[in-house]
1. Which translational diffusion coefficient, to the nearest whole µm²/s, is obtained for the chain from the Stokes-Einstein equation, given a Kirkwood hydrodynamic radius over C-alpha pairs, 37 °C and 0.692 mPa s?
2. Springs between alpha-carbon pairs under 10 angstrom, Gaussian network model over the chain: which of LEU17, LEU122, LEU56 fluctuates most?
3. On average, how much area does the Cα convex hull of region 1-79 cover when viewed from any direction, in nm²?
4. What is the spin-label model distance, in nm, from TYR92 to THR162 if the labels are put 7 Å beyond Cα along the C-beta direction?
5. Scan around PHE141 for amide H atoms under 5 Å from its own, H built in the peptide plane at 1.01 Å from N, and keep only partners 5 or more places away or cross-chain.
6. For the chain, what is the calculated [θ] at 222 nm in deg cm²/dmol (nearest 500), taking -39500 (n - 2.57) for each run of four or more DSSP H residues and dividing by its residue count?
7. What is the order of GLU114, GLU48, fewest Cβ neighbours within 10 Å to most?
8. Once you've got the GNM for the chain with C-alpha springs shorter than 10 Å, pick whichever of VAL54, VAL152, VAL24 has the biggest mean-square fluctuation.
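Throughout, read-outs are computed from the coordinates displayed, never taken from laboratory work. Not measured: the values here are computed from a predicted model. Because the Cβ atoms are built from the backbone with ideal geometry, glycine has one as well, and the counts that use them run over all protein chains shown.
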Amino acid sequence: MNKLSVVLLLAVAILLLTAMTLVVVPYRQFAAISKEEGLADYTTLQQEGRDQYVSLGCVYCHSQQPRDPGFAPDGERGWGRPSTPGDYAYDYPHQLGTMRTGPDLFNVGARLPEANWHYAHLYQPRSLVPHSVMPSYPFLFERKEQAAPGDVVVKVPGSPTTGVLVARHEAKALVAYLQSLDHTYPSTFIDKLANEESKK
């Protein structure tokens, strides 16, 4: 066997070992993780809202993964318990995010359950959070002379008083998704870890 064959064989072996370590092993580990108890799949409207969330690029400024107290003070910020793999059983593609230009949204539905707050914040973020750098999304709304039956009228502090501001279907879907982000159910994974720590 010449030197070139040995080098090629060694390169293929390294490539296969790398693929096993970085792809196959993690896939098998996460394939066995079951959803958190209390987690429900998205409704049709919530899924449409999640699609809006993805298309608007919200993940570039918001994370959805509160970290363990050993890594960050996310619990003190009011963002909730640390997330676990089972929290994302119905999420594809995952929207974990790494940037925190804005707050973590893992539990925004529990922290801010009022729909009108979300509508007003999407229409004009600085009307509610004066120093916000979030862009506004006025195309998710329309201004009418008067509301029709079934319209969701949005009240925005400091907005013009002529006509009414009405949420389009896309805004309703996005707000339904944001309200569904409530992971305050008990985490079986976190409870298991706490029990193991208490036994030590």
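1. 165
2. Residue with maximal mean-square fluctuation among LEU17, LEU122, LEU56: LEU17.
3. Hull-based average projected area comes out at 10.4 nm².
4. Calculated label separation equals 5.0 nm.
5. ARG168
6. The per-residue figure over the chain is -11000 deg cm²/dmol.
7. Fewest-to-most Cβ neighbours within 10 Å comes out as GLU114, GLU48.
8. Among VAL54, VAL152, VAL24, the largest GNM mean-square fluctuation belongs to VAL24.
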